[in-house]
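A.B. asks: Would you mind keeping the following structure in view while I ask a few things?
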Amino acid sequence: IHARRGVVMLPGDADYGAFCAMVTAYRRMSVVMAAVDSGIIDAVAQAPCSPGRLLELTGIRLAEGGRFLRLLVDSGILLQSDGLLHLSPFSAAYLALGGEKSQRGVLEFEKLLQERWQGLGNILLHGQGSGVEEQSPEEYRRRLELFQKAMHEAALIRSRELWDVIGPLPGEGVIIDAGAGDGTYLRNFLD
């Protein structure tokens, strides 16, 4: 399913744009991940800088880095003004470390999910157990912490969106929070 302008489009709608968006979605995610993992987002968040200085700070090669920075500007991840690169409002909100809406934990956890989704065909043919490998207790804890951080960050945003749709409810009532994570939804609903 591809969402565009608030409308859910099913692949059966014969919209080639929907097909292209589904097939190439991993590319956009790869760009976002590379912008974060390379240190570009953190460097620009500290202070706007020139493309040359940014490549120097991150150690990215000049030719490849120059093309990548143009892609980041063209895609709205970075803004360029007076020869300096700045974070776009999107990047400042979701990609910068420490922001109220930062989704860096979601990005880290998504890497683990991508690994698992790559094995979907194998699981469909051989069953759920075929993709399970033994993990050390340390690795399990690391993955669990990533999951919990990602769910918390997403809940900070999603709980407000959900409340905008369902709340405030008239009169008094009861909210039961069962299995909804670390309580972020409930805390935001009560606020």
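A.B. asks: Looking only at the stretch 76-110, which residues are closer than 18 Å to M33 by Cβ, open to solvent by 30 Å² or more (accessible area, probe 1.4 Å), free of Cβ contacts under 8 Å to residues at least 24 places away in the same chain and hydrophobic (A, V, I, L, M, F, W, C)?
C.D. replies: Within the stretch 76-110, F90 is the sole residue that qualifies.
Quick grid of which residues meet (1) surrounded by 10 or more Cβ atoms within 10 Å (Cβ to Cβ); (2) of a type outside the set (G, A, S); (3) under 23 Å from the mean Cα position of the chain (by Cα):
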{"site": "L125", "(1), (2), (3)": "no, yes, no"}
{"site": "Q135", "(1), (2), (3)": "yes, yes, no"}
{"site": "E139", "(1), (2), (3)": "yes, yes, yes"}
{"site": "E145", "(1), (2), (3)": "yes, yes, yes"}
{"site": "M151", "(1), (2), (3)": "yes, yes, yes"}
{"site": "A178", "(1), (2), (3)": "no, no, no"}
{"site": "Y185", "(1), (2), (3)": "yes, yes, yes"}
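A.B. asks: Mind telling me which of the residues Q103, Q114, Q118 ends up being over 23 Å from L55 (Cβ atoms) and at pLDDT 90 or above?
C.D. replies: Matching residue, one of Q103, Q114, Q118: Q103.
A.B. asks: May I ask you to list pairs of residues, at least six apart or on different chains, whose Cβ atoms are under 7 Å apart, with the first in the stretch 13-25 being under 20 Å from S75 (Cβ atoms) and the second being outside any helix (DSSP H, G or I) and of a type outside the set (G, A, S)?
C.D. replies: A18/H2; A18/M9; A21/H2; M22/H2
A.B. asks: Select from the stretch 54-65 the residues that are closer than 18 Å to D37 by Cβ and assigned to a helix (DSSP H, G or I) and write down the one among them that is most open to solvent (accessible area, probe 1.4 Å). Full working, then the answer.
C.D. replies: Filtering the stretch 54-65 down to residues closer than 18 Å to D37 by Cβ leaves 54-61, 64-65.
Applying the additional criterion that residues be assigned to a helix (DSSP H, G or I) yields 54-58, 64-65.
On the way: L54: 0, L55: 13, E56: 129, L57: 90, T58: 33, E64: 85, G65: 1 Å².
Top of the filtered list is E56.
The values are calculated or read from the model by the stated rules, or taken from the named source; none is laboratory data. Because the structure is predicted, anything quoted here is derived from the model rather than measured. Quick reminder, even Gly has a Cβ in these numbers, built from the backbone with ideal geometry, and neighbours come from all protein chains shown. Accessible surface is based on the protein model in full, side chains and every heavy atom, while ligands, DNA and RNA are left aside. Shrake-Rupley method; radii C 1.70, N 1.55, O 1.52, S 1.80 Å.
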